[in-house]
Each structure stands twice: as C-alpha cells, then as structure tokens.
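K.L.:
Can you keep this structure in mind? I'll have questions shortly.
The values are calculated or read from the model by the stated rules, or taken from the named source; none is laboratory data. Please read these numbers as outputs of a predicted model, since none were measured by experiment. Using ideal geometry, Cβ is built from the backbone for each residue, glycine included, and neighbour counts are taken over all protein chains shown. Side chains are part of the model used for accessible areas, which takes the heavy atoms of the whole protein and leaves out ligands, DNA and RNA. Shrake-Rupley method; radii C 1.70, N 1.55, O 1.52, S 1.80 Å.
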Amino acid sequence: MDILLLNGPNLNMLGKREPETYGHQTLDDIVSDLTTLADATGVRLQHFQSNAEHALIDRIHQALGTIDAIIINPGAFTHTSIALRDALLSVNIPFIEVHLSNIHAREPFRHHSYLSDVAAGVILGLGATGYELALTAATKLISSNP
Ligand code: DQA
C-alpha cells in the first residue's frame, strides 16, 4: 500500500508559524511520526510539500498508477484552487483532506473548501493528530477497496 502525503503552502513553516493556531511541531516532526506509524502498518509513505500550486498538481499527476490514497493539507489553496480539485479528480485516487485548525471556527473566507465535497473524508481542528487519523483511515479505505 502506497500513500502520498501532500502539504501545501506555508506548511513548511510549521513550528514557527502562528503556533497558537497550528501547534509547535515542525513538518519534519509530523512526517517522521507518520512514517513510523506507516512502517508499523506496512504502508509505504511518500511526502511532498510545496508552496507552488503547479508543483502540487504535477505531483498529483505523477501519483497515477503508483499511489493508492492521498492525504492532503492544501493550506490556503483549499479556499482558492479549482485547479487542485481538478487534479485530484483527474487521477481518481481517493483522498483525505486534513486541516490542523478548525477552519469553520475561523474567518469566513476559510469556511469554504474546493476539495471537501469530492474528498473521501475531511479531518480538521485536531492538530497533528489529524494526520495520524487520516493515515489510519486511508489505510482502512484502501484495504477494504482492493
Ligand atoms: C490550514 C487552514 C488554511 O485555512 C490555512 O490557509 C493553512 C492551514 C490548516 O491546516 O489548518 O495554511 O490548512
């Protein structure tokens, strides 16, 4: 089982970035914990972070035929990117949308996601734990969907 973890813009700044909203863990910490969890469950986890929309789209296209599920925190592209939505639909790989913060408890412009209605599931507001829950859910999803 191959799962791709994608993180969008500004998530490379985790740990330094608004820690009261996004926590103190760095992205490296999160990816390292998640890799340990993946290893323990026989999942091969790949990770890619970019601040560029086109780079995320290219990585999604490359996932075709090699990746069974995608976990994505699209950052601010959540609220703006029809292109990211179209890329995910184009490869037809099930994906789980993750947000560290509860976007519905924040500014109105964060309440809408261009991805949520086509996601297999959405996890938000639980900080870094959300990525762990998403990994568990994605693993179950692809095991029951051979
Ligand atoms: C975020 C929420 C987005 O609104 C924001 O632009 C981010 C992070 C989250 O993880 O809570 O960059 O996706």
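K.L.:
Residue separation times 0.36 nm, minus the C-alpha to C-alpha distance between S32 and E20: what's the value?
P.N.:
2.1 nm
K.L.:
Tell me which trypsin sites (Lys or Arg not before Pro) from the stretch 1-55 have a DSSP coil assignment and no more than 10 other beta carbons within 10 Å of their own.
P.N.:
K16
K.L.:
Measure of size requested: the Rg and Dmax of the stretch 2-144, with Cα atoms as the atom set and Å as the unit; please supply both.
P.N.:
13.9, 40
K.L.:
For the chain, what does the accessible surface come to per residue with a 1.4 Å probe? Please give it in Å².
P.N.:
49
K.L.:
Across the stretch 71-78, in residue order, what do the Karplus-derived ³J(HN,Hα) couplings come to in whole Hz, using 6.51 cos²θ - 1.76 cosθ + 1.60 with θ = phi - 60° and x for Gly and Pro?
P.N.:
So the J values, rounded to whole Hz, are 10, 9, 10, x, x, 5, 5, 3.
K.L.:
As a check on your grasp of the helix formula, calculate [θ] at 222 nm for the chain: sum -39500 (n - 2.57) over DSSP H runs of n ≥ 4, divide by the residue count, round to the nearest 500. Could the numbers behind the result be given before it?
P.N.:
Working: 5 runs with 53 residues, N = 146.
So the calculated ellipticity at 222 nm is -11000 deg cm²/dmol.
K.L.:
With a 1.4 Å probe and all protein chains left in place, how much of the accessible area of the chain comes from carbon and sulfur atoms, in whole percent?
P.N.:
Details: 3780 of 7080 Å².
That share works out to 53 percent.
K.L.:
Then there's this: Rounded to whole Å, give me the distance from the Cα center of the stretch 100-146 to that of the stretch 40-97.
P.N.:
A separation of 13 Å, based on Cα centres.
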